[in-house]
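To keep things clear, I will list the structure first and then write my remarks on it.
The values are calculated or read from the model by the stated rules, or taken from the named source; none is laboratory data. Being a predicted model, the structure only gives us computed values, none of them experimental. All Cβ positions, even for glycine, are placed from backbone atoms using ideal geometry, and neighbour counts span all protein chains on display.
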Amino acid sequence: MIKSMTGYGRGEVKDEKGGCLVEAKSVNHRFLEIKTKVPQKFADIEDIVKKKIKDNFSRGYFEVYVSFEGINNGERELKVDINLARQYITSVEKLKRELKIEGGAELNHILQLNGILKFEELDSEASESKAYINFLENALDGAISSLKDMREKEGETIDRDIAERLKIINGHTNILKSKQPELIDNFRNRFREKLNRMLEGMEIPDGRLAEEVAIMAERSDVTEELIRLESHLGQFRQLLKEGEAVGRKLEFILQEMNRETNTIGSKAIDYFVSQQVIAIKGELEKIREQVQNIE
């Protein structure tokens, strides 16, 4: 079954220590592109998120949002950099002697200097330091699973719509095939009437008329185009059954179907043919819109 590139998934994991929430959404894209938004202190998890997405999807533009609650957010400790403070004071005393400035270094001035006071996270055990990774992976698995489900359901809807449009196109091709002899006869009659008007009633030899009609019939024969178009329709249906990542293949076959349809239109010798071609092109355009969202 084909899969859509549009979807949303959510995964959440919680226990007494905290929790992790992952939200993932995707839209159509020619390639695979991933944008992540994670808390700054957990920046190291970005590669984990991207790898998971790449392992599970082949195309689409993904936005993944990760948030943590209570995990690895232990108390912080205020620390003083004594060595840095000594260097500051030594430099100040040296500057005072060089410039012959009175007075001493004030404590409040020293504390305001960059790097003297800083907060540091309290050390945690190794198992606790990796807890957020386990939370992330479980929540991410949940988000990916629900995202896959939505993309598959969207794919089923697209598949049904395309299948109906392929039937319509097939119906138009069958009509054109069955009408070919009639269209040639209609052309022969119109051609005779046109020549009679141009030649003011002069009799036209049947042999000459048959020759001209044969030439025009050969130029306007769309049998080969209809056969190729039907072949492309069959290939298109087969790919839809195969599923997986077939979006690009479907786009290529759709281009070939459009090419054959345009050729039929350029050879049209009857308004009826033009109507069928317009109808086919309308259905192909609607299919193209759907195919752009297939993975």
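Here are the numbers for this structure:
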{"quantity": "Residues of region 242-263 that turn out to be modelled with pLDDT under 90 and over 18 Å from the mean Cα position of the chain (by Cα), as a count", "calculated": "1"}
{"quantity": "Some residue of region 87-94 being free of Cβ contacts under 8 Å to residues at least 40 places away in the same chain and not in a helix (DSSP H, G or I)", "calculated": "no"}
{"quantity": "Residue 17 vs. criteria surrounded by 13 or more Cβ atoms within 10 Å (Cβ to Cβ) and out of contact with any Leu (no Cβ under 6 Å at 6 or more places or on another chain)", "calculated": "yes"}
{"quantity": "Tabulated pairs, region 60-77, first in the same structural domain as residue 136 (by TED's automatic domain parsing), second modelled with pLDDT of 90 or more and surrounded by fewer than 13 Cβ atoms within 10 Å (Cβ to Cβ), C-beta under 6 angstrom, 6+ apart or interchain", "calculated": "63/35; 65/37"}
{"quantity": "So residue 89, is it over 27 Å from residue 2 (Cβ atoms), under 25 Å from the mean Cα position of the chain (by Cα) and surrounded by 11 or more Cβ atoms within 10 Å (Cβ to Cβ)", "calculated": "no"}
{"quantity": "Inter-residue pairs, beta-carbon under 9 Å, first farther than 25 Å from residue 2 by Cα and in region 251-270, second of a type in the set (Gly, Ala, Ser), 6+ apart", "calculated": "265/274; 267/220; 268/220; 268/274; 269/217; 269/220; 270/220"}
{"quantity": "Criterion (assigned to a helix (DSSP H, G or I) and either among the acidic types (Asp, Glu) or at pLDDT 70 or above (or both)) met by exactly one of 114, 170, 196", "calculated": "170"}
{"quantity": "Complete set of residues in region 227-272 that are out of contact with any helix residue (DSSP H, G or I) (no Cβ under 7 Å at 6 or more places or on another chain) and closer than 13 Å to residue 284 by Cβ", "calculated": "255, 259, 262"}
{"quantity": "Verdict on residue 52 being surrounded by 15 or more Cβ atoms within 10 Å (Cβ to Cβ) and of a type in the set (D, E, K, R)", "calculated": "yes"}
